[in-house]
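Since the structure comes first, as structure tokens, the remarks are kept for the end.
The values are calculated or read from the model by the stated rules, or taken from the named source; none is laboratory data. Quick caveat, the model's predicted, so the values are computed rather than measured. Note that each Cβ is placed from the backbone with ideal geometry, even for glycine, and that neighbours are counted across all protein chains shown.
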Amino acid sequence: MKCGERLEISGVVAEQLPNAMFRVILNDSRRSSVTVHVPPASSLLRLRPGDEVVVELSPYDQGRGRVVRKVSP
């Protein structure tokens with residue numbers, strides 16, 4: 001992965017953390033879980049444990065990312 005590229009991976013919300021942060025279990029075999037946040041533009045997005053989401057990982061820290069969108073059931 002190049003320095004400016006971002007990686008999008010789907011996963012499932014495992015738990016809700018303080019300050020609009022979530023722990024997400026990824027569907028990728030290389031990483032087990034990451035800590036993600038909801039961007040301010042998507043503050044109306046309501047997530048609960050068990051919801052499926054698409055996460056964009058930071059190119060600098062693969063353990064952190066942000067929620068891009070919620071996958072509809």
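Only residues that are more than 19 Å from residue 72 (Cα to Cα), among the charged types (D, E, K, R) and touching a strand residue (DSSP E or B) at 6+ places or on another chain (Cβ under 7 Å): list them for region 24-56, please.
If the condition is that a residue be more than 19 Å from residue 72 (Cα to Cα), among the charged types (D, E, K, R) and touching a strand residue (DSSP E or B) at 6+ places or on another chain (Cβ under 7 Å), then 28 is the only one that fits.
Can you pull out every residue in region 22-64 that is among the polar types (S, T, N, Q), without any contact (Cβ under 8 Å) to a residue 24 or more places away in the chain and in a loop (DSSP other than H, G, I, E, B)?
Answer for region 22-64, where residues must be among the polar types (S, T, N, Q), without any contact (Cβ under 8 Å) to a residue 24 or more places away in the chain and in a loop (DSSP other than H, G, I, E, B): 27, 29, 32, 43.
For residue 8, are the conditions met, namely being surrounded by 15 or more Cβ atoms within 10 Å (Cβ to Cβ) and of a type in the set (Asp, Glu)?
For residue 8, the condition - surrounded by 15 or more Cβ atoms within 10 Å (Cβ to Cβ) and of a type in the set (Asp, Glu) - is not met.
Could you say which residue among 10, 72 is of a type in the set (S, T, N, Q), part of a loop (DSSP other than H, G, I, E, B) and on the phi < 0 side of the Ramachandran plot?
Just one listed residue meets the conditions, 72.
Identify, by number, the condition in (1) at pLDDT 95 or above; (2) surrounded by fewer than 15 Cβ atoms within 10 Å (Cβ to Cβ) that residue 23 doesn't meet.
Going through (1) at pLDDT 95 or above; (2) surrounded by fewer than 15 Cβ atoms within 10 Å (Cβ to Cβ) one by one, residue 23 breaks only (2).
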